Structures are given as C-alpha cells and as structure tokens.
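All remarks here apply to the structure that follows.
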Amino acid sequence: MNKFNLTFNSSILIGLILLSACNSSNKSVKVENSDMHTSETSLDWAGSYFGILPCADCEGIATELTIDSNKNYTLINSYLGKETSVADTIKGTFSWQNGSIIHLEGIDKNERSPLFKVEENQLRYLDKDGNEVEGELAQHYILPKTGNLDVEDKKWHLVELNGKKVTGTDKTHYLIFNSKDRRASTKAGCNIINYQYRITYSNRLELTKGISTMMSCPDSIEDEYINVLNMVDNLSVGDKKLTLNKARMAPLAVFELVE
C-alpha cells in the first residue's frame, strides 16, 4: 500500500470516528431534553389556592383559584373593605405556557393579568407581561394551596374541651373535614353542626357556620363547643391527635383519630 492510500484510508477512519461521536452526543442531548421536568408534569398542582392580593382602592382582594386536571378553573375574587360586598366569579379553561405558567382563558388582559406561575404547593400571580412582582409586596402575590391531607376526610373523636375531659363516643362527639365540598361536619351531643371551612398554609383554619339541626340537648357541652369553634384560627396534627387552637394559647379542643 502506497503512502497516499494509507493517508486517505486513515482520514476516512478518523472521519467515521468523529461522526459516530457526534451522533452519540446528539442522542444524549435528545434523551436529556425529553426527560426534562416541568411544573405541569412533576408537581401535584390540581386543587384550590387562596390568598389576599394587594388592592389599590380596597383592603385587599381575597382570591381563590381552583384548577383541575381537565384544565378547568374557577376564579373567585372578593374585594375587602368595601361598604357593599363586591365579588366576582369566573369559570373557564386554562392552558400551559413553557410547562410552568398557566394562562386563564376568557380573562381580558387589559383588565387583569390571566397568568399564574405554578410552584410547589402554591401559585404566584404574575403581571400582564408574565413577570414576577418584586420588592416588598412580592410575597403578597403568592396563593398557597389549601387543605391538609393529614386532617381531611378522617373522623376525629372529641376527647377534651377547654382542658376538661369529654365524656362521649365517636358517634356523639366528633369532627369530620369533608374535602370535596369543604364542609366540616361535627357533633358534641345530639345536634349535627355544619361549617364551611378553609385550611391554608396547612394549619390556618377559617370556619363559617352553616345549617345545623336544632334539637335541645340536656347536659350537653354543645354551647361551649360552638363558642370554641367560633374562636379557633389554627390547628395542629400529629401522633393521631388533632388540636384546634387560638393563636398560641393552649389547645381549646383535642381530638383522637378514629381508625
């Protein structure tokens, strides 16, 4: 083999090696890109979110946004501090942008931003251009996810009220947080008492009394229990126990998990 053929064959061999390396590199890039994680694919984002957004001419905008896996949404805005109650409800569908931002369809961009960034257990309200709000008010544009899986859809037996032991069974003295309709059903004697509830930041609790039965209950702690429910603003859970609390005071009501 002459020198020319040897050089030529060597050049071909080197070229094939380089081409193979490039193809391998391209395949690696493609695999890496296809395995990228986004908020849409990696987070448990379906659910309800609630927060108080800043308002130019009111005390704040109580904002609740519910989104589901079928890309439907319900947005409820209540304007606080107005002489008359002002609220609006918008329902529609949403779309994803770049895997991390949802766009609420049907909202006029000139009136309000339709954009929310999906983060771990919270939504961040973006401006009309899709930018995060910065500065001192930045944290006020975050809507935490509502609910607490450790508390909801379980039956809790009331065992202590205002530091005193409660006599009764889990059929006569109980509390259930029903996550589907956000209704707290409870009993401390003979009446079933219903509340609408909202849990935010996993432990902040809001209760709004609804319809209840009105039977007379002799030797009942029901009135004392209702007073407690009207006071509580947070809860704690652990070791199969649930407590309802007011600020950092001692627990007002103690429950045990019914298994």
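The values are calculated or read from the model by the stated rules, or taken from the named source; none is laboratory data. All values reported here derive from a predicted model rather than from experimental measurement. All Cβ positions, even for glycine, are placed from backbone atoms using ideal geometry, and neighbour counts span all protein chains on display.
Worth pointing out:
- Within the stretch 210-222, the residues that satisfy the criterion of being of a type outside the set (Val, Ile, Thr) and either part of a loop (DSSP other than H, G, I, E, B) or within 16 Å of Leu244 (Cα to Cα) (or both) are Met214, Met215, Ser216, Cys217, Pro218, Asp219, Ser220, Glu222.
- Annotation for the stretch 217-224: no member residue is crowded, with 16+ Cβ neighbours inside 10 Å, closer than 27 Å to Lys145 by Cα and hydroxyl-bearing (Ser, Thr, Tyr).
- When the stretch 122-139 is limited to residues that are within 19 Å of the chain's Cα centre (by Cα) and surrounded by fewer than 16 Cβ atoms within 10 Å (Cβ to Cβ), the one that is farthest from Gly47 (Cα to Cα) turns out to be Ala138.
- Among the residues making up the stretch 195-216, a single one is exposed (fewer than 15 other Cβ atoms within 10 Å of the Cβ) and touching a Gly at 6+ places or on another chain (Cβ under 8 Å): Gln196.
- Yes/no for Glu259 being touching a strand residue (DSSP E or B) at 6+ places or on another chain (Cβ under 6 Å) and modelled with pLDDT under 95: no
- The stretch 166-191: number of residues that are part of a strand (DSSP E or B) and either closer than 22 Å to Thr66 by Cα or not polar (S, T, N, Q) (or both): 10
- Every residue from the stretch 139-160 that is closer than 12 Å to Leu53 by Cβ and free of Cβ contacts under 8 Å to residues at least 60 places away in the same chain: Gln139
Quick grid of which residues meet (1) part of a strand (DSSP E or B); (2) of a type outside the set (A, V, I, L, M); (3) assigned by TED's automatic domain parsing to the domain that holds Thr186:
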residue	(1), (2), (3)
Asp57	no, yes, no
Thr66	yes, yes, no
Ser69	no, yes, no
Ala87	yes, no, no
Lys109	no, yes, no
Lys128	no, yes, no
Glu136	no, yes, no
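- Count - residues of the stretch 32-82 that are β-branched (Val, Ile, Thr) and exposed (fewer than 14 other Cβ atoms within 10 Å of the Cβ): 2
- Filtered by the rule that a residue be touching a Gly at 6+ places or on another chain (Cβ under 6 Å) and not charged (D, E, K, R), the stretch 51-62 gives Ile52, Cys58.
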